[in-house]
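Input: a single structure, listed below in structure tokens.
The values are calculated or read from the model by the stated rules, or taken from the named source; none is laboratory data. In this text, all values refer to a predicted model and were calculated from it rather than measured experimentally. Cβ coordinates were reconstructed from backbone atoms using ideal geometry, including for glycine residues, and neighbour counts include every protein chain displayed.
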Amino acid sequence: MTLYKYTTRDGMKKTLSGASLLMRPVNEYNDPFEAAPAMSSEEVRKAAIMVAKSERSLERYANDPSLNEEALTLPQIKSRVHGDPAFVGEIADRLLRRSETSPKEVVQNFQEFFSRFFGMVCLTRNPANFLMWSLYAEKHCGFVFSIDPTLWNHTRAENVTYSHHRVSLPSVESATNEELVSIFLTKSMDWKHEDEYRILRRVNAWKEDGEGRQAFLELNYGQIKWVCAGVWTPEEDVDELRAIVKASKFPEARVYRASLNSTEFKIDLPPECRGPA
């Protein structure tokens, strides 16, 4: 199975030059439901306890005198959190009592907690989706490129499930790895047209690039077979990209161009670039 990635002109150059895919934290994408499980009131409280150790929660607790009645410093709070489960529960309860939309706040903390440790790459099985060209490929001035996921040794691309319902987290204490992963791999039916696959990877250290946190997933030799320019991509950018391809880790990759269908509202790709029917 071949997967595909839409990107901007600058993003395409960086991918080829760095032989890597950009990863972002799960809470920095354009869907507020990312990593946001459905929770009952009981699970909200359990989840609040679990994520009360997050940097966001501890900083808020330290800086709000109405919460931090003991006037503890942030280092003191962090020290107590590591050895005092009752204190963690107290932080969670105080934060919940202060929030009129406590489920929302707990979900945000849940998202932030996992975003500290996990990055995500979003791919697709459809390289000719009109909306995705518009949204993710610089309004048809960018590129789409192929990726052979079989050339990764220890990295798997998982298909996204589309549903009308959010995934419930049955028990914070006993949640299985499969249940947690399903939270990241389930999206609203409104996104079904993206036919998405995702790669989740643990990130030991994030870097800032001015737009948020970033990390990189290395691509192997020959993993990009072709690159296709958008219908409005300037010819000089296509020529520049061909030169970058030759000097990259993917010198045999071919560069093509998409076109507008003459009778239908759809994007036509060369036969070499077409995905599943």
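Before moving on, here are some points about what is shown:
- 2 or more residues assigned by TED's automatic domain parsing to the domain that holds LYS46, at pLDDT below 80 and in contact with a helix residue (DSSP H, G or I) (Cβ under 7 Å, 6 or more places away or on another chain): qualifying helices (runs of 4 or more DSSP H) within the range 70-130: 85-98, 102-115
- Within the range 100-118, residues that are closer than 27 Å to THR155 by Cα and acidic (Asp, Glu) have Cβ atoms under 9 Å from residues that are assigned to a helix (DSSP H, G or I) and at pLDDT 80 or above in these pairs: GLU112/ASN27; GLU112/GLU55; GLU112/SER57, counting only partners at least 6 apart in sequence or on another chain.
- The set of residues in the range 158-202 being among the small types (Gly, Ala, Ser) and modelled with pLDDT under 95 consists of SER168, SER171, SER174, ALA175, SER182.
- The residue that is surrounded by the most Cβ atoms within 10 Å (Cβ to Cβ), counting only those in the range 188-217 that are part of a loop (DSSP other than H, G, I, E, B) and not aliphatic (A, V, I, L, M), is ASP195.
- SER54 meets each of the listed conditions (1) surrounded by fewer than 20 Cβ atoms within 10 Å (Cβ to Cβ); (2) in the same structural domain as TRP191 (by TED's automatic domain parsing) apart from (2).
- When ARG45 is tested against (1) within 22 Å of the chain's Cα centre (by Cα); (2) surrounded by 17 or more Cβ atoms within 10 Å (Cβ to Cβ), exactly one condition is not met: (1).
- Test: LEU185 is over 19 Å from THR7 (Cβ atoms) and either surrounded by 12 or more Cβ atoms within 10 Å (Cβ to Cβ) or of a type in the set (A, V, I, L, M, F, W, C) (or both): yes
- Matching residues in the range 218-253 - criterion: being exposed (fewer than 13 other Cβ atoms within 10 Å of the Cβ) and either part of a loop (DSSP other than H, G, I, E, B) or not assigned by TED's automatic domain parsing to the domain that holds THR8 (or both): TYR221, PRO234, ALA247, PRO251, GLU252
- Test: SER168 is among the hydroxyl-bearing types (Ser, Thr, Tyr) and within 18 Å of the chain's Cα centre (by Cα): no
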